Each structure stands twice: as C-alpha cells, then as structure tokens.
Amino acid sequence: TGKGGIIGGDILAGFLIIAKKLGSDSYTATNLEAKIDPTVKMKIKSLEEQKRILTNKLEKLNLSLETLEKGSKEGKISPQKATLLKKMKAAQQQYNKKISLLERNLTTMHQYILNLENKGSISARTMVYPGVKMRIKNAEYEVKNDYKAVTFKYGNGMIKPEKFEGIDMEELKKQQEQ
C-alpha cells in the first residue's frame, strides 16, 4: 500500500511495487523487480517440464513402434506383438493429444504474459535514492539521481520515470479478480 520503505535487499513482485521510500540516502543497494506473477512463471516451467517428459517418452515409443511396424510389414510378427503394436499406437495417440494440450496451454500462458507487456510499475510516494536498481519485464534501470514522488513505468522496452501516480488498491483488486 506504499506506507513503508524498501531499504536494501532484493524484492520481486508481480507487476507493481509501491512504497513510501525506495533505497536510502546512504545509497544502499536495493534491487527491485516487477515482472509477472511468479506463479505464472512456475506454471509455465511446470508445463514445459511435462511437455519435455512426454516428448522423450513419445520419442522412445516411436522408435519401438518403428521396429514393430517394420516386422509387421514383413509378416514377421507374432500375435502377441501385434497386440502390443495396437496398444503402442493407442499410447502414441494419447501422448500426441497430451503434448498438443500442453502446447495450447503454454501458448495461452505466453499470450497472457504478452498482454501484460505494458503493465508494470515501481513507485515511491516520497523519495527514490541512487543505488536502486529496477527491472520491469525485460528492461533495467539504475537510479543515478534522487527522485521525489515518482512512478517508474515500463513502455516500449524501457523504464521511464514519471510523476507519482497514486494507486487505488480497491480498483486494483477488482482488476486482478477479473
């Protein structure tokens, strides 16, 4: 809510940091990141890992299928292997469906991040001191001068200081619920 100060250390937030003061007059190193909701990043990482595991299993299954299908075409396959071949083809279809679903979910998550691209700000109600380094999305900014009542915003791939903007926390909560 912007009532306290952040003096030193590392802070990671979803897309908004607001405090009374950022850094200190002794230029304490303070690193701030307003990127995306960390749970979104964790979800993407989890989906990518699931996809990697399924893709590896599918590759191994495809190699086994290749061998069985070759034997089947040459008429050198037992009834048990023919049954196994059917089961493996069904498993192949399931893996392909699961991988497609994971890819769609990953695309949705990445699109969500792109839609947030122009969001992200770091604000100080009273003062920001040199020694504060900030990162919003993929842009970085190091404070070299004192700033009074300022909001640093992300736009067009860079961070720009602007006049302090008060945040209506109730309105912000409503937006997040949508």
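The values are calculated or read from the model by the stated rules, or taken from the named source; none is laboratory data. Source: prediction; values computed, not measured. Heads up, the Cβs are rebuilt from the backbone with ideal geometry, glycines too, and the neighbour counts pull from every protein chain shown. All accessible areas refer to the heavy atoms of the entire protein, side chains included, with ligands and DNA or RNA removed. Shrake-Rupley method; radii C 1.70, N 1.55, O 1.52, S 1.80 Å.
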Among the listed residues I77, I99, I113, identify the single one that is outside any helix (DSSP H, G or I) and open to solvent by less than 100 Å² (accessible area, probe 1.4 Å).
I77
Kindly check whether there is at least one residue in the stretch 149-170 that is surrounded by fewer than 12 Cβ atoms within 10 Å (Cβ to Cβ), at pLDDT 90 or above and within 30 Å of T39 (Cβ to Cβ).
no
When the stretch 14-50 is checked residue by residue, the ones that are basic (K, R) and more than 19 Å from L102 (Cα to Cα) are K20, K21, K35
Test: residue in the stretch 36-55 that is in contact (Cβ under 8 Å) with a residue 24 or more places away in the chain, within 30 Å of K144 (Cα to Cα) and of a type outside the set (F, W, Y):
yes
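Okay, residues lined up against (1) within 30 Å of E142 (Cβ to Cβ); (2) at pLDDT 90 or above:
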position	(1), (2)
T30	yes, yes
E33	yes, no
L63	no, yes
P79	no, no
S100	no, yes
Say we look at the stretch 13-57 and pick out the residues that are within 17 Å of T107 (Cα to Cα) and in a loop (DSSP other than H, G, I, E, B); which of these is least open to solvent (accessible area, probe 1.4 Å)?
I36
Leading residue by the ranking (modelled with the highest pLDDT) among those in the stretch 81-96 that are open to solvent by less than 50 Å² (accessible area, probe 1.4 Å) and more than 21 Å from T55 (Cβ to Cβ):
L85
